[in-house]
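This report concerns only the one structure given below.
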């Protein structure tokens, strides 16, 4: 049931984002493949260079999350250098559900220009 709720939240955020942020012409999806769920996401800012190049791609990060839910460290595992900075800045502001200990979470952020 938790996974369905997560998918619903992502779909809702993706549906609302173009209306809330019309200047951002990109659809991004953040997915955590770890033990803890992301409870607060921040939509990455699509870099101007990537927008001009009509660039798509996925950034993979290994994020160390404190027991309280904040990201304390992020390590780039893959993705275009043009997109990595935006992904790191968004992950630094994300919050995970609390846990009894620090965990490592695999996060993928997909960048793709929207079609109008």
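The figures follow:
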{"quantity": "Among (1) without any contact (Cβ under 8 Å) to a residue 60 or more places away in the chain; (2) surrounded by 14 or more Cβ atoms within 10 Å (Cβ to Cβ); (3) over 13 Å from residue 103 (Cα atoms), the one test that residue 39 misses", "calculated": "(2)"}
{"quantity": "Hey, residue 84 on the phi < 0 side of the Ramachandran plot and under 13 Å from the mean Cα position of the chain (by Cα) or not", "calculated": "yes"}
{"quantity": "Output for the stretch 51-68, where each listed residue is buried (at least 17 other Cβ atoms within 10 Å of the Cβ) and not in a strand (DSSP E or B)", "calculated": "55"}
{"quantity": "Single unsatisfied condition, residue 28 versus (1) surrounded by 15 or more Cβ atoms within 10 Å (Cβ to Cβ); (2) modelled with pLDDT of 90 or more; (3) not in a helix (DSSP H, G or I)", "calculated": "(2)"}
{"quantity": "Qualifying residue in the stretch 77-89 (condition: surrounded by fewer than 16 Cβ atoms within 10 Å (Cβ to Cβ) and in contact with a strand residue (DSSP E or B) (Cβ under 8 Å, 6 or more places away or on another chain))", "calculated": "yes"}
{"quantity": "Some residue of the stretch 81-98 being touching a residue at least 40 places away in the same chain (Cβ under 8 Å) and farther than 19 Å from residue 37 by Cα", "calculated": "yes"}
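This table checks each residue for (1) in a loop (DSSP other than H, G, I, E, B); (2) within 14 Å of residue 107 (Cβ to Cβ); (3) under 13 Å from the mean Cα position of the chain (by Cα); (4) modelled with pLDDT of 55 or more.
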| residue | (1), (2), (3), (4) |
| --- | --- |
| 3 | no, no, no, yes |
| 22 | yes, no, no, no |
| 43 | yes, yes, yes, yes |
| 71 | no, yes, yes, yes |
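This table checks each residue for (1) out of contact with any helix residue (DSSP H, G or I) (no Cβ under 9 Å at 6 or more places or on another chain); (2) outside any loop (DSSP other than H, G, I, E, B).
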{"site": "77", "(1), (2)": "yes, yes"}
{"site": "85", "(1), (2)": "yes, yes"}
{"site": "89", "(1), (2)": "yes, yes"}
{"site": "92", "(1), (2)": "yes, yes"}
{"site": "98", "(1), (2)": "yes, no"}
{"site": "101", "(1), (2)": "yes, no"}
{"site": "107", "(1), (2)": "no, yes"}
{"site": "112", "(1), (2)": "yes, yes"}
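The values are calculated or read from the model by the stated rules, or taken from the named source; none is laboratory data. For clarity, every value in this text was computed on a predicted model and none was experimentally measured. Quick reminder, even Gly has a Cβ in these numbers, built from the backbone with ideal geometry, and neighbours come from all protein chains shown.
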